[in-house]
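Worksheet for the structure shown next.
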Amino acid sequence: MPEPSIADAVAFVADHYEERAGAVTPLGAGQWSRAFAFGLDGADAVIRFGRHGDDFGKDRVMAARASPALPIPRFVEMGAALGGWFAVTERASGEFLDELSGAAIGAALPAVFDALSAIRDIAVPASAGAGMWHADGSTDRASWREALLAIANDEPGGRTHRWRARLEASPTGAAPFDAALDRLAALVDRCPEDRAIVHNDLLYRNVLVQGDRISAVFDWANSQYGDHLYDLAWLIYWWPWFPRWQHIDIEDEVRRYLAGRGEAWDDVAERLLTYRIHVGLDAQTYNAFTGRYDELARNAHDTLALARR
């Protein structure tokens, strides 16, 4: 489907909600969807349009699992629209986590950890499987190990299909990726077959903060079933990309958080390293697919440095 314009959104909202709808304004766009704010029955709402209905279905599943520590916008409805799908949720208020100042991120970090604890404690379906899960309860992989190693696959029909050819043709090339992949393969058998929910996209405008509390966590499209440590590794991996946060030693903060949950650093450090390598490899596949070659080069450098530890 082509990216919907503001005119498309205005026309759809007016036709779908009639006199219940208020003004429509653009909010922003990601790789897979575009969002607009609008009024619905006198309240603030968000409508998103995208080609992947399962993404919105996962948001609906997770909205039913919201809690005080894990606020997730109330899901209103979803359906077909504009050659793809639409989803409507309530609109939450706050500042995006990745836009916080150094002082603000320090104040909010305990709430971030509380949200991760809440995610970890959500019961998952008893069915087998790990990796990417879908709104119907199915999963892409038979095991967490298989899900991690699948990062090497450039699968026809995948959203980023042809990333491998673009990686090989990029200025960075595939050699750093392949070297880090070898290290991942050597480490992955030491990771447990846990089946907790993993958000897998905590930054990049997917978490809202008000003061020292989380006001919303959304966009569960990348969510997986796997080791709960993955989200912590994700946070550690991306932390250096935010210069204003560098006064905080995120590894030390994670260490203290895990100690509070009774997990010794010696038992988790290697798993965190494994997942950080995986996060970096995943970033390279996406950067190659989208042609973000500067980011590809930095991720290749950072991931290879981790792999050589």
Query raised in the report: What is the order of ASP55, ASP189, ASP121, ASP194, fewest Cβ neighbours within 10 Å to most?
Result: ASP189, ASP121, ASP194, ASP55
Report summary line: Comparing PHE86, PHE113, PHE242 in a Gaussian network model of the chain (Cα, 10 Å), the one with the largest mean-square fluctuation is PHE242
Report task. Working from Cα positions, state the angle (0 to 90°, nearest 10) between the long axis of helix 53-63 and the longest principal axis of the chain. Result -> 90 degrees
Query raised in the report: the range 6-75: which chymotrypsin sites (Phe, Trp or Tyr not before Pro) are DSSP loop and have at most 16 other beta-carbon atoms within 10 angstrom?
Result: TRP32
**Report entry** Prolate/oblate/rounded call for the range 8-101, Cα gyration tensor, a/c under 1.5 rounded
**Finding:** rounded
Report summary line: A student applying the Cα gyration tensor rule (rounded when a/c is under 1.5; otherwise prolate if a/b is larger than b/c, oblate if not) would label the range 193-309 rounded
Report summary line: Note to self, the chain gives a 222 nm [θ] from helices alone (DSSP H runs n ≥ 4, -39500 (n - 2.57) apiece, / all residues, nearest 500) of -13500 deg cm²/dmol
Query raised in the report: Spin-label point model (7 Å from Cα, Cβ direction): what's the ALA186 to SER5 distance in nm?
Result: 5.5 nm
Requested in this report: Determine ³J(HN,Hα), in whole Hz, for all residues of the range 246-253 in sequence, where each value follows from phi through the Karplus function 6.51 cos²θ - 1.76 cosθ + 1.60 and θ = phi - 60°; x replaces Gly and Pro.
Outcome: 6, 6, 9, 7, 5, 5, 5, 5
Report task. Would you order HIS16, HIS228, HIS278 from fewest to most other beta-carbon atoms within 10 Å of each residue's own beta-carbon? Result -> HIS16, HIS228, HIS278
Requested in this report: Determine ³J(HN,Hα), in whole Hz, for all residues of the range 162-170 in sequence, where each value follows from phi through the Karplus function 6.51 cos²θ - 1.76 cosθ + 1.60 and θ = phi - 60°; x replaces Gly and Pro.
Outcome: 5, 4, 5, 5, 5, 5, 4, 8, 6
Requested in this report: Please turn the phi angles of the range 93-101 into ³J(HN,Hα) values with the Karplus equation 6.51 cos²θ - 1.76 cosθ + 1.60 (θ = phi - 60°), one per residue in order, whole Hz, x for glycine and proline.
Outcome: 10, x, 10, 5, 3, 6, 9, 6, 6
Query - Amide H contacts of LEU203 (H built 1.01 Å from N, under 5 Å, at least 5 apart or other chain) - result: none
Report summary line: Helix 175-187: inclination vs the chain longest Cα principal axis, degrees, rounded to 10, gives 80 degrees
Report summary line: Final fewest-first order of SER33, SER67 on the 10 Å Cβ neighbour count is SER67, SER33
Query raised in the report: Can you list residues whose amide H is under 5 Å from TRP220's amide H, if they're 5+ apart or on another chain and H is modeled 1.01 Å from N?
Result: ASP59
Report task. Work out the FRET efficiency for GLN246 and GLU295 from their Cβ-Cβ distance, taking R0 = 22 Å, and round it to the nearest 0.05. Result -> 0.70
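No value in this document is a laboratory result; all are computed from the given coordinates. Everything numeric here is computed off the predicted structure, so don't read it as measured data. Cβ atoms come from the backbone with ideal geometry, glycine included; neighbour counts cover every protein chain shown.
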